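**Student:** This structure is in C-alpha cells; I'll ask about it shortly.
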Amino acid sequence: MYRYDPIDQRLVDERVAQFRDQTRRFLAGKLSEDDFRSLRLRNGLYIQRHAPMLRISVPYGLLATRQVRMFARIAREYDKGFGHFTTRQNLQYNWPKLEQVPDILALLASVQMHAIQTSGNCVRNVTADHFAGVAVDEVEDPRPWCEIIRQWATLHPEFSYLPRKFKIAVTGSPQDRAASKFHDIGLHLLRNEAGELGFEVMVGGGLGRTPIVGHVIREFLPPRDLFAYLEAILRVYNLEGRRDNIHKARIKILVKAVGPAKFRELVDAEWEASKEYAPVFDEAEFARIKSFFQPPAYETLGDEDVIAGRDNAFRTWYQRNTRRHKVAGYRAVFLSLKSPKRPPGDITAEQMDAVADLADKYSFGLLRSTHDQNLLFADVRQRDLYPLWQALQALDLATPNIGTLTDMIACPGLDLCSLANAGTYDVVDQINKRFEDLDYLYDLGEIQLKMSGCMNACGHHHIGHIGILGVDKSGEEWYQITLGGRPHGKDAALGTVIGPSVAKADVAEAIDRILNVYVAHREDGELFVDTVDRIGIAPFKARVYAPTHQAA
Amino acid sequence: MRQLIKQREIVTDEWRYADEDPQGAHRALILPLARYQTEREQWLQWGGRLGVRIGPTDKMGALQNDLPRLALIAIEFGGLAEGRGYSQATILRRRYHFTGELRAVGKIQRDQVFYMARCGFDTFEFPEGTDLEVALTAFNDFSVAYQSAADVGVAPQRRAG
C-alpha cells in the first residue's frame, strides 16, 4: 500500500489548516453561505436533510487497518457510531457537526487520509477493480496508476474548477469490474502486439439523468503520454464543456454534442499544441510509487480442499463469498455489508474495529472497499477460511449473498439525502423480507439489483440487471423498474424501463413477478440478464402489470 | 484609487479601463477585447501601454499575434464556478509565453488565489470591499504541489523535477 512521504503529508496537513480557516471564517460570518458551500464541497462536506454529511476518500478502495480503526473512532466520537461505504469506494459519515469537521480531517490526516475532492466540480476519487493485484486474469495491477493519477489530480491548479464533477476508473484485467464505461474517463490497461503496456482510453460515459456508455477515443496510449493526454482531455472539457446548465455540464454531454470522432480530434489537436509543456511521465517517480504495491509475503502453499468435512453453512459461504486467488493456497474473501439488518454499505464502529483485527490476523493488515458496497480481504490463506468465517458470522458480516439478488446496491435515499425523491432503505427491507430463502436466491443465480432514490443515480440503477429508481409522484414515493442493464466491460449496457412506476408497497411483488418470468423462460444455466436479452422485456412487462389474480 | 494585489504586494492600480479614461490620458489602458479587435489598427499605433480584458468564452489563439504589443491581459471570472480562466491563463503563459501582466478580475475570492498563481496570474483585482491583507495569506496555503505549472509568486516544493 502507498505510504505518504513528507510532501504528501504536508499537503494533507496544509489542507486541514486551510479548511479550518475557511470554517472559522464561515462561522464568523466572513464567508457567505454560497462561497463556503463551494469550498466545503471540495472537502466532501455536504449539508443533508438532517445534518452535514462528510465523505472520506478511500483511494481505489484500499485501506490499512489503522485507517479502519480511525474510521471506527471517528464514527464513535463524532458521529452516531456507524459509517456508509459508497459506490466510489469511499466512506460517508451522516451525522458530523460542521464545526468539528476540521478536527475529523486532522484525525484522518494522522493516518494518511483526507476528504480532498470527494465532491465538487473536480477530479474525484479514482476507482479500480477491487481484485487488483490478486485477479487471475490481470494484465497489470491498476493501483500504482491510480495512485499516480490521484497525485496528479490533487489540487490541480488548472482543473479544480471544472464545469462539473469528473470521475476516472482504471482497470487492469480484460474483465472490467469497475464499471469503467460509465465514467468520465475509463482507462483499461492492456498490452499491444509487441507486448508493451498501454491504456485504452474511454471518455464520456456516465449515469445520472442522461446515462451514456463511454466511447473509446484512443485504442493504445503509451504510459509516457498518459498525463499529457489526460490534460488534453481535461483542457478541452474545461474550455468547451457547458456551464450554463448543471444537468448538461458533464463531459458526456460535450462528447455527445460534438460526436466522439470530433471530440477525439479536438483532444488530439490540444495534445499536439501542448506537447512542449505537458507533464512528462517520470519513470523514476512511477517506480517509487509502484514499489509500494509489491505482492505481500505469500507463503508457498498448495490449494486445499477447504470445504471437505465442513458444515453446510461454511460450504455455502465459501461458494458464495470467496473468490479464486492468483496465488495457490489463498482466497479472496468478501465481507458482506448486505445483512438484512442494516442498509447496504453500512458498518458499525464495533464491526470496523473487529474487521481491522481480523485483517491484521488474516489478510496482511489490508482490506478493500468494493464499488458494490462490500468489503474484501484480498489475501486470505485457505487454511484460515474456517476461523475467519466463524469470526465474520459473529459480526454479522458473513451473509452468504454475494452476487445474489440481496447483494443490492442502494444509495441512502430519502432517509438521509436532500436530493432524493423517494426512500430506498424501506424498499431494501421489503426485498430482504420477501426474498429470505437463500436456496431460492442461489437457484436464481447472479442478479445485480441496483437502486437509486433519485435520477442522479448514485445507486447505479441504470446498469443493474434489475434497476429501481425512486420517483416522486405528487408527494408519494413510486418506483420505476428497469431490466437488462450491465455494468461492466464489453457487454456494458443500460437497462430498459419496463413501464409505469409501481407503488412503494408493490416493489417486492413486482420483483417477484419478474423473477417468476425468468424461472419460467430460462434455458439451462442461463443467467437472468441473458434471459432478459433473449426474450426482451415484453413478457416481464405483461406479468408485472397483470391484475393480481392473473399474475400468479 | 483602486487597490489590488500585484506580485504578492498590495499596490495602487496603475491601469485604467477604457470607460474610466476615454481620452487615454493615463497612458495605460485596458480595452474590452471586442473594442480592441474592432479598432485594432488604431490601437497598435497608440503610444501608451495597452491591455485587453477577455471573457470566459474568448479564444486565446486569436490573440497570439498581438501578444508582443500587449502589456496586460485581464481575464474575467464570473464567480467561483467559472473555471475557464485557469486554462486561458495556462495557454497564455505556457503555450504563447506571454510575459506581461496577467490579471484575474471579477468575482474572485481569496481561496482561488493559490490555484490562479500556479496558472500564471500575477495580479488580482478583487471586488470592492475585499480584505486584501487576508487575501495575501492565500499564497501560503500550500508549500507543496504535485504538478508542474506556470507558477508566479508561489514556488511550491515538488517531488519530481
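The values are calculated or read from the model by the stated rules, or taken from the named source; none is laboratory data. Fair warning: this is a prediction, and the values are worked out from it, not measured in the lab. Neighbour counts are summed over all protein chains in view; Cβ atoms, including those assigned to glycine, are modelled from backbone coordinates with ideal geometry.
**Student:** Please determine, by comparing only the residues of the range B:99-130 that are closer than 13 Å to residue B:9 by Cα and among the acidic types (Asp, Glu), which one is nearest to the other protein chains (Cβ to nearest Cβ).
**Tutor:** Residue satisfying both the conditions and the ranking: B:122.
**Student:** Can you tell me which condition residue A:413 does not meet? The list is (1) within 19 Å of residue A:86 (Cβ to Cβ); (2) touching a residue at least 60 places away in the same chain (Cβ under 8 Å); (3) buried (at least 19 other Cβ atoms within 10 Å of the Cβ), and all the others hold.
**Tutor:** Among (1) within 19 Å of residue A:86 (Cβ to Cβ); (2) touching a residue at least 60 places away in the same chain (Cβ under 8 Å); (3) buried (at least 19 other Cβ atoms within 10 Å of the Cβ), residue A:413 violates only (2).
**Student:** Select from the range B:92-137 the residues that are surrounded by 19 or more Cβ atoms within 10 Å (Cβ to Cβ) and over 19 Å from residue B:74 (Cβ atoms) and write down the one among them that is modelled with the highest pLDDT.
**Tutor:** My answer is B:114.
**Student:** If a residue has to be part of a strand (DSSP E or B), surrounded by fewer than 24 Cβ atoms within 10 Å (Cβ to Cβ) and touching a Pro at 6+ places or on another chain (Cβ under 8 Å) to count, how many in the range A:35-52 make the cut?
**Tutor:** Counting residues in the range A:35-52 that are part of a strand (DSSP E or B), surrounded by fewer than 24 Cβ atoms within 10 Å (Cβ to Cβ) and touching a Pro at 6+ places or on another chain (Cβ under 8 Å) gives 2.
**Student:** Based on this model, can you work out whether residue B:146 counts as at the interface with chain A (Cβ under 8 Å from one of its Cβ atoms) and part of a loop (DSSP other than H, G, I, E, B)?
**Tutor:** The answer is yes for residue B:146.
**Student:** When you go through (1) in contact (Cβ under 8 Å) with a residue 12 or more places away in the chain; (2) within 28 Å of residue B:78 (Cβ to Cβ); (3) away from every other protein chain (no Cβ under 11 Å) one by one for residue A:29, which number turns out not to apply?
**Tutor:** (1)
**Student:** Still on this structure: Could you grab me the full set of residues in the range A:330-374 that are out of contact with any Lys or Arg (no Cβ under 6 Å at 6 or more places or on another chain) and of a type in the set (Gly, Ala, Ser)?
**Tutor:** Matches in the range A:330-374: A:336, A:339, A:345, A:354, A:359, A:363, A:365, A:369.
**Student:** Sticking with this one: Looking at the range B:72-91, can you tell me whether even one residue there is in a helix (DSSP H, G or I) and either surrounded by fewer than 20 Cβ atoms within 10 Å (Cβ to Cβ) or away from every other protein chain (no Cβ under 11 Å) (or both)?
**Tutor:** no
**Student:** Exactly one of these conditions fails for residue B:59: (1) basic (Lys, Arg); (2) touching a strand residue (DSSP E or B) at 6+ places or on another chain (Cβ under 8 Å); (3) over 26 Å from residue A:11 (Cβ atoms). Give me its number.
**Tutor:** Single failed check for residue B:59: (2).
**Student:** Another question, then. Name the one entry in B:47, B:24 that is in a loop (DSSP other than H, G, I, E, B), of a type in the set (Gly, Ala, Ser), away from every other protein chain (no Cβ under 14 Å) and touching a Gly at 6+ places or on another chain (Cβ under 7 Å).
**Tutor:** B:24
**Student:** Cβ-Cβ under 8 Å, sequence separation 6+ or interchain: first residue in the range A:252-269 and in contact (Cβ under 8 Å) with a residue 40 or more places away in the chain, partner hydroxyl-bearing (Ser, Thr, Tyr) and in a helix (DSSP H, G or I). Which pairs?
**Tutor:** Hits for this filter: A:254/A:237; A:267/A:229.
**Student:** Which condition breaks for residue A:245 when tested against (1) within 14 Å of chain B (Cβ to nearest Cβ); (2) touching a residue at least 24 places away in the same chain (Cβ under 8 Å); (3) polar (S, T, N, Q)?
**Tutor:** Against the list (1) within 14 Å of chain B (Cβ to nearest Cβ); (2) touching a residue at least 24 places away in the same chain (Cβ under 8 Å); (3) polar (S, T, N, Q), residue A:245 comes up short only on (2).
**Student:** Residues of the range A:199-211 being surrounded by fewer than 20 Cβ atoms within 10 Å (Cβ to Cβ), of a type outside the set (Asp, Glu) and modelled with pLDDT of 95 or more, which ones?
**Tutor:** none
**Student:** Further, regarding this structure: State all residues of the range A:1-31 that are within 30 Å of residue A:379 (Cα to Cα) and either part of a helix (DSSP H, G or I) or among the basic types (Lys, Arg) (or both); if no residue qualifies, say none.
**Tutor:** A:3, A:6, A:8, A:9, A:12
**Student:** Tell me yes or no: at least one residue of the range A:256-273 is surrounded by fewer than 16 Cβ atoms within 10 Å (Cβ to Cβ), part of a loop (DSSP other than H, G, I, E, B) and either among the β-branched types (Val, Ile, Thr) or within 14 Å of chain B (Cβ to nearest Cβ) (or both).
**Tutor:** No, there is no match, as no residue in the range A:256-273 is surrounded by fewer than 16 Cβ atoms within 10 Å (Cβ to Cβ), part of a loop (DSSP other than H, G, I, E, B) and either among the β-branched types (Val, Ile, Thr) or within 14 Å of chain B (Cβ to nearest Cβ) (or both).
**Student:** Here's another thing I want to ask about it. Kindly establish whether residue A:46 is of a type outside the set (Asp, Glu) and out of contact with any Cys (no Cβ under 8 Å at 6 or more places or on another chain).
**Tutor:** yes
**Student:** Which members of the range A:435-482 meet the condition of being in contact (Cβ under 8 Å) with a residue 60 or more places away in the chain, under 25 Å from residue A:516 (Cα atoms) and of a type in the set (Gly, Ala, Ser)?
**Tutor:** A:445, A:459, listed by residue number.
**Student:** Further question on the same structure: Please go through the range A:495-552 and pick out each residue that is among the small types (Gly, Ala, Ser) and not in a loop (DSSP other than H, G, I, E, B).
**Tutor:** Matches in the range A:495-552: A:503, A:505, A:508, A:510, A:520, A:538, A:542.
**Student:** Please verify whether the range A:374-393 includes one or more residues that are under 18 Å from residue A:466 (Cα atoms), crowded, with 23+ Cβ neighbours inside 10 Å and either under 18 Å from the mean Cα position of the chain (by Cα) or not assigned by TED's automatic domain parsing to the domain that holds residue A:495 (or both).
**Tutor:** no
**Student:** Another question, then. If we keep just the residues of the range A:282-303 that are farther than 26 Å from residue A:382 by Cβ and buried (at least 16 other Cβ atoms within 10 Å of the Cβ), which is nearest to the other protein chains (Cβ to nearest Cβ)?
**Tutor:** A:282
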